[in-house]
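As structure tokens, the structure follows; a few thoughts come after it.
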Amino acid sequence: MGNDTLFWKNPWFGTIPLKAIFPVLYKKKINKNALISQRVLRLDNGIGFSWQWRTASLRISESADLYDLEDMIKSYDFRTDLFDVQRSFSHDPLKSKVSLLILYTVLWMIWKNRNNWIFERRRARIEILMEDIKVNALHWVKFRCSKTVVDWEKWSSNPYEGIRWVS
């Protein structure tokens with residue numbers, strides 16, 4: 001990954017392309033078709049970035065977005081990709097699909113919580129965020145995994161025990 005994945009246009013960090021998460025930064029880019037490997041650089045002491053903007057400097061709000069973007073990317077494990085979780089359950093298609101849906105839900109809820117903080121100065125307690133992740137993941141699984149039955153009590157403690165196929 002990185003040599004064939006578009007940094008801004010492909011949804012490589014969750015289910016939403018970065019151009020949708022950071023539209024102001026995307027508009028300021030010179031090369032909107034840059035690959036991940038052209039923007040994220042592996043350095044001896046970690047990860048670096050190579051940005052090319054249309055203007056010489058960024059406004060304060062754009063700099064804040066850039067800081068958030070870089071912070072998100074630094075947390076990404078480039079040794080593997082998001083689908084390693086799915087591959088680890090390749091023998092069980094239901095667990096594979098559930099794993100991806102949970103992963104996407106976690107990313108979505110963190111992003112949503114981040115936006116609530118930035119735009120509304122409203123931050124959820126971690127307990128509330130965790131409960132929202134469980135509920136939203138359950139809804140996504142119900143709608144995306146047809147022919148399944150979910151037991152909320154089991155799901156809330158272990159999703160893999162709380163879901164099963166029905167004939």
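Counting the residues of segment 25-50 that are part of a helix (DSSP H, G or I), surrounded by 13 or more Cβ atoms within 10 Å (Cβ to Cβ) and not polar (S, T, N, Q) gives 5.
Looking only at residues in segment 118-128 that are at pLDDT 85 or above and hydrophobic (A, V, I, L, M, F, W, C), the one that is surrounded by the most Cβ atoms within 10 Å (Cβ to Cβ) is ILE118.
Of all residues in segment 61-117, those that are farther than 24 Å from ASN136 by Cα and either at pLDDT below 75 or assigned to a loop (DSSP other than H, G, I, E, B) (or both) total 5.
Determine which member of the set SER37, SER57, SER61 is among the polar types (S, T, N, Q), free of Cβ contacts under 8 Å to residues at least 24 places away in the same chain and not assigned by TED's automatic domain parsing to the domain that holds LEU107.
Numbers: SER37 fails: free of Cβ contacts under 8 Å to residues at least 24 places away in the same chain; SER61 fails: free of Cβ contacts under 8 Å to residues at least 24 places away in the same chain.
Criteria check complete, one pass: SER57.
In segment 142-154, the residues that are without any contact (Cβ under 8 Å) to a residue 12 or more places away in the chain reach residues that are surrounded by 10 or more Cβ atoms within 10 Å (Cβ to Cβ) and in a loop (DSSP other than H, G, I, E, B) with C-beta atoms within less than 8 angstrom, at least six apart or across chains, in these pairs: GLU153/GLY162; LYS154/GLU161; LYS154/GLY162.
Remark: pairs (first residue in segment 12-34, under 12 Å from LEU69 (Cα atoms); second residue among the basic types (Lys, Arg) and part of a helix (DSSP H, G or I); Cβ separation under 9 Å; 6+ apart in sequence or on different chains) = LYS19/LYS27; LEU25/LYS19; TYR26/LYS19. The single residue among PRO11, PRO17 that is in contact with a Pro (Cβ under 9 Å, 6 or more places away or on another chain) and at pLDDT below 85 turns out to be PRO11.
The values are calculated or read from the model by the stated rules, or taken from the named source; none is laboratory data. In this text the structure is predicted, and so the values were computed from the model without any measurement. Cβ atoms come from the backbone with ideal geometry, glycine included; neighbour counts cover every protein chain shown.
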